[in-house]
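> Structure incoming, see below.
The values are calculated or read from the model by the stated rules, or taken from the named source; none is laboratory data. This structure is a prediction, so every number in the text was calculated from the model and none was measured. Here Cβ is always computed from backbone atoms with ideal geometry, including for glycine, and neighbour counts include all displayed protein chains.
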Amino acid sequence: MTAFRRLLGFALLISVFAVHAQSPATTSAPASIAPLIPQLEDYVVKAMQKTGVPGVAVAIVYQDKVVYLKGFGVRKAGEPAPVDADTVFQLASVSKSIASTVVAVLVSQHKVSWDDRIADIDPDFKLSNASVSEKVTIRDLLSHRSGLPTSAGDELEALGFSRPEILHQMRLIPLVGEFRKSYAYSNFGFTEGGIAPAKKVGEPWEALSDDVLFKPLGMTSTSYRWSDYRDNANKAAIHVFVDGKAVPRYLRNPDAEAPAGSASSSIRDMAQWVRLQLAAGKFNGKQIISADALEETHTAQIQRGVSPATGKPSSYGMGWGVDHDSDGRLIVGHSGAFALGAGTTVQLSPSEHLGIIVLTNAEPTGFAEAVANQFLDLYHYGEAKQDWLQLAGDVFKNMVGTVYGGTPDYSKQTHPPTPTAAKPLWAYGGVYRSDYYGQIEVSEDHGLLWLRLPADGSLFTLTHWDGDTFVYRYKEESGATTRGVKFTLGATPKVLLENLATDGDAVFTKLAP
């Protein structure tokens, strides 16, 4: 599931943590910003107390200067090391905004065009509709208007499939949207939008990003390789909330979806990148990206809905959300979220050459978005126009209900009081296959039924529920849930793994022995 589809949020008391506010790395805030800083810091601390987010980093860029850098809290709950300006966070889907910047460099260098057809530069990539496969462009994929559904490829990633394997399987997913007329946020559609240009210039995505963007901007702590984040001593662990406490329980390796979600960076590095965005592609006097190429990423390509804050139409550019505030002022931004423990946002007000970045190390509660919008309100209006923490938190909670509403979690279902007996367990055994997911194996051992998912993956215990329906505990990005496994035995036995049906064909057919 996408970064925005795997979101949870609820309140946690801050008494668990000591909140550390680090000295700003930059203190020369101009007169229009300086009076807002104490209000912003007070808001951050109180929001940490309300949500329980253990670590936060904030940067403000104004008129091509980094006027504020600050870390709050700790990198890892239960440990004293504080967040500072060089602490590296996983960015989740803010990676998309960085990725479109990388491609914009190639457009500036006339090595690719936004309207290059994927069929010409990466002919191995195909969609289920031959006509769309022939026409789809870099622009279409980076703006989520290819027709791919939101979930495309996400469960394959969760099961451990590689990036090439996942991109290959895109050809098996029905297009649910109308090409170039409907919007659906797709991680792996976007991923191909970055990988195809990299293939055209003959350089791996990760190295390309280093060469054309991170090195020229001096972003020495930024990478699209999860191993670089993992090996950095000054990194923020990711946290989920368990029984009212932030816990660094999981690791999240998103390399398969680079460029859509695998970037990591420090707030110091991110501020340099925001300077580039607000200075029309210029950095320290040098034109890194042509103004036109960068501006195109900030330009609406497809309408994606209506802003819950203003009621105004909301659009998507290429790797950027494109919105307008209540006064009609352009706001360009993007958020990122891993329900396993990261929430990030960047928001730009181009007309004022003003930007704010907020990085957090806990599952999304709306914290990052609330802090950014609170600051922009203070700057533009002198006061908050909304209860941003409440609004953003409600948006995230509603997303969770939308995502999981069609996939029952059996731990929340009432077990039949007199369930129909299962058949002998051996009757369910065998190797089953789906064109999309490949093979799985079901076997009986010592009176238990087991599922191996995928063929070379983990073993899960199947527990009887009712008749030919079993359940298993499956670790999704929102945590472990109990999902249904429904067998249909007959001339051609089949099994449906309910939770996988949101991504691709989850009906597996038994292979002949």
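> Can you tell me which residue within the range 311-361, out of those that are among the hydroxyl-bearing types (S, T, Y) and more than 13 Å from the chain's Cα centre (by Cα), is modelled with the lowest pLDDT?
That would be S326.
> Taking F470 as meeting all but one of (1) assigned to a strand (DSSP E or B); (2) under 19 Å from E155 (Cα atoms); (3) of a type in the set (A, V, I, L, M, F, W, C), write down the number of the exception.
The one condition F470 does not meet is (2).
> For the range 55-71, give me each residue that is buried (at least 24 other Cβ atoms within 10 Å of the Cβ) and either under 23 Å from the mean Cα position of the chain (by Cα) or basic (K, R) (or both).
G55, V56, A57, V58, A59, I60, G71 - these are the residues of the range 55-71 that are buried (at least 24 other Cβ atoms within 10 Å of the Cβ) and either under 23 Å from the mean Cα position of the chain (by Cα) or basic (K, R) (or both).
> Ok, one more. Can you name every residue in the range 86-99 that is buried (at least 23 other Cβ atoms within 10 Å of the Cβ) and outside any helix (DSSP H, G or I)?
Passing the criteria: T87, V88, F89, Q90, L91, A92, S93.
> Another question, then. Have a look at R268, R230 and point out the one that is at pLDDT 95 or above, closer than 25 Å to I166 by Cβ, out of contact with any helix residue (DSSP H, G or I) (no Cβ under 9 Å at 6 or more places or on another chain) and not in a loop (DSSP other than H, G, I, E, B).
Only one candidate passes the filter, namely R230.
> Of all the residues that make up the range 1-56, how many are among the small types (G, A, S), at pLDDT 90 or above and closer than 30 Å to N187 by Cα?
Matching residues across the range 1-56 total 3.
One line per residue, one yes/no per condition, for (1) buried (at least 21 other Cβ atoms within 10 Å of the Cβ); (2) closer than 28 Å to R163 by Cβ:
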site: K282; (1), (2): no, no
site: T297; (1), (2): yes, yes
site: G319; (1), (2): yes, yes
site: T344; (1), (2): yes, yes
site: G355; (1), (2): yes, no
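> Might you let me know whether the range 203-215 holds any residue that is in a helix (DSSP H, G or I), of a type in the set (K, R) and closer than 19 Å to L106 by Cα?
no
> Is at least one residue of the range 200-222 in contact (Cβ under 8 Å) with a residue 60 or more places away in the chain, acidic (D, E), on the phi < 0 side of the Ramachandran plot and out of contact with any His (no Cβ under 8 Å at 6 or more places or on another chain)?
No - not one qualifying residue is present in the range 200-222.
> Yes or no: the range 431-443 includes at least one residue that is buried (at least 19 other Cβ atoms within 10 Å of the Cβ) and over 19 Å from A158 (Cα atoms).
Within the range 431-443, one or more residues are buried (at least 19 other Cβ atoms within 10 Å of the Cβ) and over 19 Å from A158 (Cα atoms).
> Looking only at the range 28-52, count every residue that is touching a residue at least 60 places away in the same chain (Cβ under 8 Å) and assigned to a helix (DSSP H, G or I) and tell me the total.
9
> To continue, here is another question. Could you tell me which numbered condition S209 fails, if it satisfies all but one of (1) in the same structural domain as E363 (by TED's automatic domain parsing); (2) surrounded by fewer than 24 Cβ atoms within 10 Å (Cβ to Cβ)?
Unmet for S209, out of (1) in the same structural domain as E363 (by TED's automatic domain parsing); (2) surrounded by fewer than 24 Cβ atoms within 10 Å (Cβ to Cβ): (2).
> Select, from G194, G147, G189, the only residue that is under 18 Å from S315 (Cβ atoms), of a type outside the set (V, I, T) and part of a helix (DSSP H, G or I).
None of the other options fit; the residue is G189.
Residue-wise test of (1) within 30 Å of F89 (Cα to Cα); (2) assigned to a helix (DSSP H, G or I); (3) not assigned by TED's automatic domain parsing to the domain that holds D64.
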{"residue": "D327", "(1), (2), (3)": "no, no, no"}
{"residue": "T344", "(1), (2), (3)": "yes, no, no"}
{"residue": "S351", "(1), (2), (3)": "yes, yes, no"}
{"residue": "G355", "(1), (2), (3)": "yes, no, no"}
{"residue": "A362", "(1), (2), (3)": "yes, no, no"}
{"residue": "Q374", "(1), (2), (3)": "yes, yes, no"}
{"residue": "K397", "(1), (2), (3)": "yes, yes, yes"}
{"residue": "P416", "(1), (2), (3)": "no, no, yes"}
{"residue": "P419", "(1), (2), (3)": "no, no, yes"}
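> Criterion first (surrounded by fewer than 23 Cβ atoms within 10 Å (Cβ to Cβ) and of a type in the set (D, E)) does E369 satisfy it?
Answer is no for this residue.
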